[in-house]
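The values are calculated or read from the model by the stated rules, or taken from the named source; none is laboratory data. Just so it is clear, the model here is predicted, and its values are computed rather than measured. Positions of Cβ are backbone-derived with ideal geometry, glycine not excepted, and every protein chain shown enters the neighbour counts. The accessibility values were calculated without ligands, DNA or RNA, using every heavy atom of the protein model including side chains. Shrake-Rupley method; radii C 1.70, N 1.55, O 1.52, S 1.80 Å.
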Amino acid sequence: MAKDLVEFRNLKTHFHTSAGTVKAVDDVSFTIREGETLCVVGESGCGKSVTAMSLMRLLEVPPVGGEILFEGKDLLQMNKRDISMIRGNEIAMIFQEPMSSLNPVLTIGEQIVEPIMLHQLVTRKEARTRAIELINLVGIPRAEKIYDSYPHELSGGMRQRIMIAIALSCNPKLIVADEPTTALDVTIQAQILDLMRDIKKKFNTSIMLITHDLGVVAEMADYVVVMYAGKVIEEAPVIELFQNPKHPYTKGLLKAKPVINQKQDRLYSIPGQVPNPIELGNNCHFHDRCEFCMKICTEKEPPLGLDPDGHKVACWLYEEEGKQK
Ligand SMILES: Nc1ncnc2c1ncn2[C@@H]1O[C@H](COP(=O)(O)OP(=O)(O)O)[C@@H](O)[C@H]1O
Ligand SMILES: [Mg+2]
């Protein structure tokens, strides 16, 4: 079994706003192993991006509780200098909209060379050679020409490939990709996902892939964490999750997933919406959208229990205490 690379332990990231405390991420624990693609899935507003931003230490206010261990060291306790050595070096990030992460006034080449020079002891010439190798590696032809281009001269798919090249420039152990293909059309999306799969295979990189799209999960994941309203409500290896989903929310997501080549009259969507994270009680946050809601679900939060298949679910339907009521 692969070694643990990142361990989220009881992470709590709350925001204090004039309207109240937003519990964006509330007591979240899960583990990313070496060489594994872990997908975090859930509807918009469930806390996926805040989880990733907490890991990258990109939030203005730090998490209020928990630990994020990277190779055993707590990222949340590191000073700014140490964290900046890890960020972009051992952990790289790819965002949804590459245009906003690329600097419009710098050439593509300069933007790949910069992190290489920052983190590695190489000359500018060596960094340039490495940058051109990386542009080739992410499947862009005529790399030397692209090296001297500006972001606006490239298509969205090409820009996302460049973001991946930048992410790879320092041989990271983990790539965090937050909805990396959401802004792209389906053909380009498939190409970018292929590229990420190749990279993982080639370099044994771990990937934390955030998506609201179960189609992407099916294509990419080894392991899946389902988030709902700031909590992990289910997690399992991908095949187990798709064959044997347990949480009514996960079942709803699967039902809502369009099946390619299959005619569907109307795409199912889970009734209701993700609750306001300011108004969450100590109960199951999904109870008011759940067709199996019992009394206990409105009164008490279900624990994230583990069953023998290595499948975890936080739902009273699977707990003795829930079955009795
Ligand atoms: N800086 C912030 N201040 C207050 N609330 C925030 C902040 N960032 C995110 N949130 C809230 O936290 C919740 C989770 O957000 P997010 O992690 O972006 O969701 P997801 O990525 O799953 O769509 C949302 O309700 C969002 O409005
Ligand atoms: Mg998000």
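Key figures
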read-out	value
Gain on full stretching of the segment that runs from Asp198 to Arg81 - 0.36 nm per residue minus C-alpha separation	38.9 nm
Residue-averaged [θ]222 nm for the chain, counting only DSSP H segments that reach four residues, each worth -39500 (n - 2.57)	-10000 deg cm²/dmol
The range 99-169 - charge dipole about Cα centre, Lys and Arg +1 at Cβ, Asp and Glu -1, debye rounded to 20	100
DSSP bridge orientation in the range 157-237 - percent antiparallel, rounded to nearest 5	55
Accessible surface of the range 13-113, 1.4 Å probe, proportion on carbon and sulfur as whole %	51
Inter-centroid distance (Cα atoms) of the range 222-258 relative to the range 103-130, Å	40
The chain - share of DSSP beta bridges that are antiparallel (%, nearest 5)	60
Distance violations [Cα-Cα > 20 Å] among Lys48/Lys300; Lys125/Lys145; Lys200/Lys312; Lys173/Lys202; Lys295/Lys323; Lys201/Lys257	Lys48/Lys300; Lys200/Lys312; Lys201/Lys257
Relative contact order computed over the range 1-135 (Cα-Cα under 8 Å; 6+ residues apart), in percent	21
Ordering of 161-172, 203-214, 78-89 by burial proxy (mean other Cβ atoms within 10 Å per residue, highest first)	161-172, 203-214, 78-89
Local electrostatic count at Asn244 - Lys and Arg +1, Asp and Glu -1, tallied over other residues with Cβ under 12 Å	-2
Between the range 173-214 and the range 288-325, the Cα center-to-center distance that results, in Å	32
Net dipole in debye of the chain [+1 Lys, Arg Cβ; -1 Asp, Glu Cβ; about Cα centre; nearest 20]	420
Added length on full extension, which subtracts the Cα-Cα distance from 0.36 nm per residue, Met1 to Glu71	23.6 nm
Simple spin-label estimate for Leu106 and Val61 in nanometres, 7 Å along Cα-Cβ	3.1
Sulfur and carbon atoms: percent of accessible area, the range 127-205 [1.4 Å]	51
Charge dipole of the chain about the Cα centre (unit charges at C-beta), most positive-ward option of Ala167, Asn276, Ile233	Ala167
Accessible area expressed per residue, the chain, with surrounding protein chains retained (probe 1.4 Å, Å²)	50
Under-5 Å amide H pairs with Ile210, H placed in peptide plane, nonlocal only	Val40, Ala177, Asp178, Glu179
